[in-house]
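The values are calculated or read from the model by the stated rules, or taken from the named source; none is laboratory data. The structure presented is a predicted model; accordingly, all values stated were derived computationally and were not measured. Here Cβ is always computed from backbone atoms with ideal geometry, including for glycine, and neighbour counts include all displayed protein chains.
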Amino acid sequence: MLISIKDLFKANKEFQFGFIVFMIILVLAVTSHFSPFDPRSWNTVPKDLPPSFRHLLGTTSTGQDVFWILCHAFKNSLILGVITALISNLVGTFVGLLAGYKGGWIDRVLMSLNDTFIALPSFPILVFLAFALKGNLNMLNLGVILSFFSWPWGGRQVRAMILSLREREFTFTADFSGSSTLKIVFAEHLPFVLPWIIANFINTILWSIGMEVGLAIFGLSSLEIPTIGTMIYWSTQYQALFRGVWWWALTPILSSIFLFVSLFFISSAITEYLDPRSRLQRIRSRE
Amino acid sequence: MNGEKKTSLLKLENVTKIFKLGGLFGSKLIAVNQINFELKGDQPEIVSIVGESGSGKTTLARMILGLIEPTHGRIIFKGKDVTTIKNRHEKLIFRKEVQPIFQNPFEAFNPLKKVESYLFETAKNLLKGSKEEILERVERAVEAVGMKFSEISGRYPNEFSGGQLQRLAIARALITQPSLLVADEPVSMVDASLRMSILNLFKKLNEKMRVSIIYITHDLATAYYMSYRIVIMFRGVVIEMGPSDLVLLEPFHPYTKLLLESIPKPDPEKRWKSKIKLSDTEIREYGMIGCKFVNRCPYTMEKCRKTEPPLFQRDDRFVRCFLYE
Amino acid sequence: MKKAITIKNLRAYYILQNSGNKKIVRAVDDVSLDIYEGEILGIAGESGCGKTTLLKVLYGLLNPPLFVKSGEIIYHDVGGTEVDILKLPVSEKRSMLYWKHISYIPQASMNVLNPLLKVKKQFLKVLKTHYKDRKKGQLLEMAAEHAKNLGLPSDILDSYPHQLSGGMRQRVTIAIATLFTPKIIFADEPTTALDVVVQRGVMQILKDLQSIYKNTIVLVSHDIAVHAEITDRLGIMYAGKLVELGPTLSLFRSPLHPYTRFLIESLPQIGEKKTKMSVPGVPPSLINLPSGCRFHPRCPFKSEICSEEEPPFVEVREGHFVACFRTTKEEDYL
């Protein structure tokens, strides 16, 4: 079950790329801690300066250093993504496991709940909530709100996996070996479910960052906090591209592309590595 | 009365299983219908339950193992009603005594786990004991099936052939020295050329380890080879029962005769001369009121269509057919 | 007898690649065989011996990781000419051979039918592809007649697949696969996993096909009793090689290869209570093959030469071939 990062690194070019890029992004996110400028204040530096030694990615029309804003944007977006992914994965997996193993009325109740949430139109509600909470939105509460919409997908998926795993013969073998239900869940079934959980985790991160970008572009995110979305918002507001301040417009767009692609590569490399079928092939080739 | 029950290892009383189906075919499927059957406890025996697909034999096996609950009737193992087992403690005791061998050796073990893990689990959960004791039990069980622990240690299921996996499944089942093995088509997915070694193993275990075996199969020839008593099922009911020699060499029921005639003989000089008629729609046969074999039986009488015949007894043989009233 | 197919020195391997490791599975390793018109030829062997691969290659199903390393498969008399199926592109395989000249019945094919269409519609679909300008009524008549010839009850045409039993579906699939009365039928384990009475029905239908349409059938099965029942000639494969080949009667009366002897003698029969033995040992891995004769590790009669050299495939009696040093040596003395 353990992921050998070295193994992955050697085998998979996409993972190499994704891993390196993501590490860079992580480093930048952490570096934001050392930012000489307060990300919320404007006019801390001269406006509209192109990239130079002093300002690696130039400055914005609001008087902020693009590089340092980017570091904060990475940090905030990642925090948001992780919060959403953690909550929604925990809830979704738990619901799916419970419904899958218990069955009966518990299953029916949980799945009705699950499906109700799936049916909710996420974007309009998010827009409404964003309006309502305008001033008080931060990464934490936005993360919680977003997880309301993303957890049900996990519920259905995990339940489906559990239902089929329960019928497989090795589950019976484990039962007749005297294993308790809990043991069966963790020792027999989890190895099959884990690749999905990891992929889902990373995909939820991507989804929630994407949602935030979407909200921000409409001005519905927390606009003083630098995130990738708000960078795009502000640069659009100031018509950066038209006015020739291209470094301010392009940075968030290119950064988001790199972030998404790197996470995607990591996610698919990990799932392919953990996928029972490819693990079997690896075991076989040891012969 | 209690004393009488204790002498039988396994007793099935009017065991019935009805499945509810949705939609098209009607509401109920009676998979197993009022089976009565007893395994005596004094001598460990091998009994074959023979039937084609749809006969209910696998459903019956699952009920004996406690995986499904019967809709009606009781299953009594060593004096205790299996369906009343609720708590974990009682369940583990039952697991020590009754173990399964399933049909598909490739599915019996989790492909992502080492095979030996199940053997150790069984020993740890059902037997307890020190590390050395557990290792010894596992080693002995593996030797009992003709393999060496050093051969299997650290290896995954896909490194073994079907025959070897089935042996390991048997080894696992033997660790607690159970009184009863329920083997559901244990060799039908093993190559024909390797089957005999596994069947011979079952026979040896029955003799040496004194374990009773319920051998479930659709193959009459191996049933004859394995057991002295045979039970033939058709569409959920027992249609013939008795000593294998008599049942298979001088069959009573027309269905048994059909089964026997349909076995291809490994002798090109003894090929089939006649043709047979197949059932076209199984579902129709399930829903019939009288004897379910009516559409294919060459001896059908009026009363066969109206009522299902009861089991008639002739010495130590039973047959469900009006021809033997 | 006229030849239908000639296989010459066929080598078909699976090339498995996984994160840098390359393994070659020599599934069919230098097999040569003639298949005659109008015969039912059986190919027997344990799982992993290469018989299914042989069948697939014969039919031209060459999808990676399966590759043909060398050899020829010549189909005689395909519209007047000879054709090497290994050299034909897929489109020509379809137009020249598939359905009309040759047909393939895969394992457990009872689930191949479309559950949403009545059986007669599935017959019609297939018939229309070849008989484009005939009327629906005519096509239905053709379907009904074909079904009747094969012993299928008339009401199955109006049924949906789920209303039929598994065995009946298998036979319907066979009927559809043989609608254009192909000259050669390849059947891969057509009776495995079926009930014994249903098995008999399937074997019956194959025999009926052959007697009515006089086609050639190549039947792959690990069950020797099935071969005894319906084949004219039988080939035994072991670890990618043909080890014995000959008329079924001759093979059963006096099996020459020790492996064949085991295969036949290990089957239990009703009325016999004596102990039966399996083939000892385990089938070899097709990646790490034993040296010399591939059966030698399991053979009770092996001698020194068996582990050093591969025995040649020689004709020992009329039409009866075997690859075994011991048997061919014995025959020399006779």
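Laid out as a table, the results:
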item	result
Set C:ALA193, C:ALA228, C:ALA187: member being free of Cβ contacts under 8 Å to residues at least 40 places away in the same chain, of a type in the set (Gly, Ala, Ser) and either within 12 Å of another protein chain (Cβ to nearest Cβ) or part of a strand (DSSP E or B) (or both)	C:ALA228
Pick from the range B:135-176, criterion basic (Lys, Arg) and more than 18 Å from B:SER197 (Cα to Cα), ranking: farthest from the other protein chains (Cβ to nearest Cβ)	B:ARG140
Looking only at the range B:113-126, and only at residues there that are touching a residue at least 24 places away in the same chain (Cβ under 8 Å) and either farther than 11 Å from B:ARG172 by Cα or hydroxyl-bearing (Ser, Thr, Tyr) (or both), the one that is surrounded by the most Cβ atoms within 10 Å (Cβ to Cβ)	B:THR122
Residue under evaluation C:PRO283, criteria (1) in contact with an Asp or Glu (Cβ under 6 Å, 6 or more places away or on another chain); (2) within 23 Å of B:LEU259 (Cα to Cα), criterion not met	(2)
Options B:GLY51, B:GLY129, B:GLY79; residue that is of a type in the set (Gly, Ala, Ser), crowded, with 18+ Cβ neighbours inside 10 Å and in contact with a Lys or Arg (Cβ under 9 Å, 6 or more places away or on another chain)	B:GLY51
Matching residues in the range C:196-225 - criterion: being among the polar types (S, T, N, Q) and in a helix (DSSP H, G or I)	C:GLN199, C:GLN204, C:GLN210, C:SER211
Single match in A:THR44, A:THR84 (criterion: assigned to a loop (DSSP other than H, G, I, E, B) and either of a type in the set (Ser, Thr, Tyr) or surrounded by 15 or more Cβ atoms within 10 Å (Cβ to Cβ) (or both))	A:THR44
Residues of the range A:111-127 satisfying the condition of being over 20 Å from A:LEU137 (Cα atoms) and either assigned to a helix (DSSP H, G or I) or charged (D, E, K, R) (or both)	A:MET111, A:SER112, A:LEU113, A:ASN114, A:ASP115, A:THR116, A:PHE117, A:ILE118, A:ALA119
Residue in the range C:293-306 that is of a type in the set (Ser, Thr, Tyr) and within 17 Å of C:GLY45 (Cβ to Cβ) present	no
Pairs where the first residue, in the range C:150-166, is touching a residue at least 24 places away in the same chain (Cβ under 8 Å) and more than 7 Å from every other protein chain (Cβ to nearest Cβ) and the second is crowded, with 19+ Cβ neighbours inside 10 Å and of a type in the set (Ser, Thr, Tyr), C-beta under 9 Å, 6+ apart	C:LEU150/C:THR178
Selection count, the range B:186-200, where residues are facing another protein chain (nearest Cβ under 7 Å) and not in a loop (DSSP other than H, G, I, E, B)	7
Residue within the range B:201-212 that is more than 15 Å from the chain's Cα centre (by Cα), within 13 Å of chain C (Cβ to nearest Cβ) and not charged (D, E, K, R) present	yes
Hits in the range B:211-227 - residues which are in a loop (DSSP other than H, G, I, E, B) and at pLDDT 90 or above	B:VAL211, B:SER227
Filter result for the condition that a residue is closer than 30 Å to A:PHE264 by Cβ, among the β-branched types (Val, Ile, Thr) and either surrounded by fewer than 13 Cβ atoms within 10 Å (Cβ to Cβ) or touching a residue at least 24 places away in the same chain (Cβ under 8 Å) (or both), over A:ILE118, A:ILE24	A:ILE118
Per-region count, the range C:250-302, residues part of a helix (DSSP H, G or I) and surrounded by fewer than 14 Cβ atoms within 10 Å (Cβ to Cβ)	1
Test: residue in the range B:78-101 that is among the small types (Gly, Ala, Ser) and either in contact with a His (Cβ under 6 Å, 6 or more places away or on another chain) or more than 8 Å from every other protein chain (Cβ to nearest Cβ) (or both)	yes
Residue in the range C:42-53 that is over 30 Å from C:SER278 (Cβ atoms), free of Cβ contacts under 8 Å to residues at least 60 places away in the same chain and more than 14 Å from chain B (Cβ to nearest Cβ) present	no
Subset of the range A:174-184 [of a type in the set (A, V, I, L, M) and surrounded by fewer than 18 Cβ atoms within 10 Å (Cβ to Cβ)]	A:LEU182
Single residue of the range B:82-107 satisfying the filter (part of a strand (DSSP E or B) and of a type in the set (Val, Ile, Thr)) that is nearest to the chain's Cα centre (by Cα)	B:ILE101
Candidates B:VAL231, B:VAL238, B:VAL247, filtered to the one that is in a helix (DSSP H, G or I) and over 27 Å from C:GLY281 (Cα atoms)	B:VAL247
Residues within the range B:146-173 that are over 23 Å from B:HIS218 (Cβ atoms) and either of a type in the set (Ser, Thr, Tyr) or crowded, with 22+ Cβ neighbours inside 10 Å (or both), tallied	8
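This table checks each residue for (1) in contact (Cβ under 8 Å) with a residue 60 or more places away in the chain; (2) small (Gly, Ala, Ser); (3) out of contact with any Cys (no Cβ under 6 Å at 6 or more places or on another chain); (4) not in a loop (DSSP other than H, G, I, E, B).
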{"site": "A:SER164", "(1), (2), (3), (4)": "no, yes, yes, yes"}
{"site": "A:THR173", "(1), (2), (3), (4)": "no, no, yes, yes"}
{"site": "A:VAL213", "(1), (2), (3), (4)": "no, no, yes, yes"}
{"site": "A:ALA216", "(1), (2), (3), (4)": "no, yes, yes, yes"}
{"site": "A:SER222", "(1), (2), (3), (4)": "yes, yes, yes, no"}
